[in-house]
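First comes the structure, then the notes that go with it.
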Number of protein chains: 2
Amino acid sequence: MTHPTNGLDDVVHQRVRLGILAVAHEARRVEFGFLRTALDLTTGNLSQHLTVLEKAGLVEIEKGYEGKRGRTWVHLTAAGKRALQDEISQLKRLIRQVEETRAADPAATEPS
Amino acid sequence: MTHPTNGLDDVVHQRVRLGILAVAHEARRVEFGFLRTALDLTTGNLSQHLTVLEKAGLVEIEKGYEGKRGRTWVHLTAAGKRALQDEISQLKRLIRQVEETRAADPAATEPS
């Protein structure tokens, strides 16, 4: 069986993008400013990672207005939902593997 | 409460480095060739990531011999063990958050 990290997709696993996918998963759609604040990002950094996710078909970006104010909304595509679930499955395998090791080897929990 | 991905450290979270730390955690020390095969990496790629981990104080690299063959061994430092545990804790928080959302919102599990 291949190591769990071999099955992770860098597009999804990267810290900021994983955050975007997770937050977008919590609602039908999320607003750009909300994401930026929740994930403590600059506008440029968030835009850059959204572009990667959009090109990979994992999110859709929608521009619109709320009153007179321009707004950018982000929502997960079906492929985005699947990609997030795959990532979560691999992470669970990884966590199980790390924790089984710890349980099997008391020395691993010794302060050093 | 800050989003779980904000608490992840890029040095540890990066896919290949997370793999190295997880495999190194399974034994007192692991041999370079074993790591390379287990994580399906090139020599150059593995060396590069080991250097990042060594500079961060998360692994120690030891060169030696097995018979006449040069061998490179890698082992986790105490800081490396802690860093891996911190990563695992944040990942568990993330997984809980994603899975609670799914449970709370049946629409999120609809095929689309």
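Within the straight-line cut-off of under 13 Å between alpha carbons, the aspartates and glutamates reachable from residue B:92 are A:87, A:99, B:100, sequence neighbours fewer than 8 places apart in one chain being disregarded.
For residue B:54, the label point sits 7 Å beyond Cα toward Cβ; its separations from the matching points on the remaining copies run 4.2 nm, from shortest to longest. Other residues whose C-beta falls under 11 angstrom from the C-beta of residue A:6 contribute a net charge of 0, scoring Lys and Arg +1 and Asp and Glu -1.
Counting each DSSP H run of 4 or more residues in chain B as -39500 (n - 2.57), what helix-only mean residue ellipticity at 222 nm follows after dividing by all residues, to the nearest 500 deg cm²/dmol? Computed ellipticity for chain B at 222 nm equals -17500 deg cm²/dmol. Of B:72, B:37, B:101, the residue with the greatest mean-square motion in the GNM of chain B, using alpha carbon springs below 10 Å, is B:101. How high is the relative contact order of region B:10-96, given as a whole-number percent (alpha carbon pairs under 8 Å, six or more residues apart)? 33 percent. Take residue A:10, move 7 Å from Cα toward the beta carbon, and the resulting point lies 1.4 nm from the same point in each other copy, nearest first.
If you take the Cα centroid of region B:1-71 and the Cα centroid of region A:4-76, the two points sit 29 Å apart. Nearest 10 degrees, 0 to 90: what angle lies between the long axis of helix B:43-55 and the longest principal axis of chain B (Cα atoms)? Orientation of helix B:43-55: about 80 degrees from the principal axis. Over all other residues within a Cβ to Cβ distance under 12 Å of residue B:61, the charged ones net out to 0, with Lys and Arg as +1 and Asp and Glu as -1. Of all chain B residues, the closest to the B-onto-A rotation axis by Cβ, with that distance in whole Å, is B:91, 3. Using the Cβ-Cβ distance between residue A:43 and residue A:100 with R0 = 45 Å, the FRET efficiency computed as 1/(1 + (r/R0)^6) comes to roughly 0.60. If you take all other residues with their beta carbon under 12 Å from the beta carbon of residue B:41, and give Lys and Arg +1 and Asp and Glu -1, the sum is +2.
Each copy carries a label point for residue B:75 at 7 Å from Cα along the beta-carbon vector; from one copy to the others these points are 5.4 nm apart, nearest first.
Taken together, the values in this text are just the output of simple stated rules run on the coordinates, not laboratory data. No experiment lies behind these values; they were computed from the predicted model shown. Counting neighbours? That spans all protein chains shown, and the Cβs are built from the backbone with ideal geometry, glycine included.
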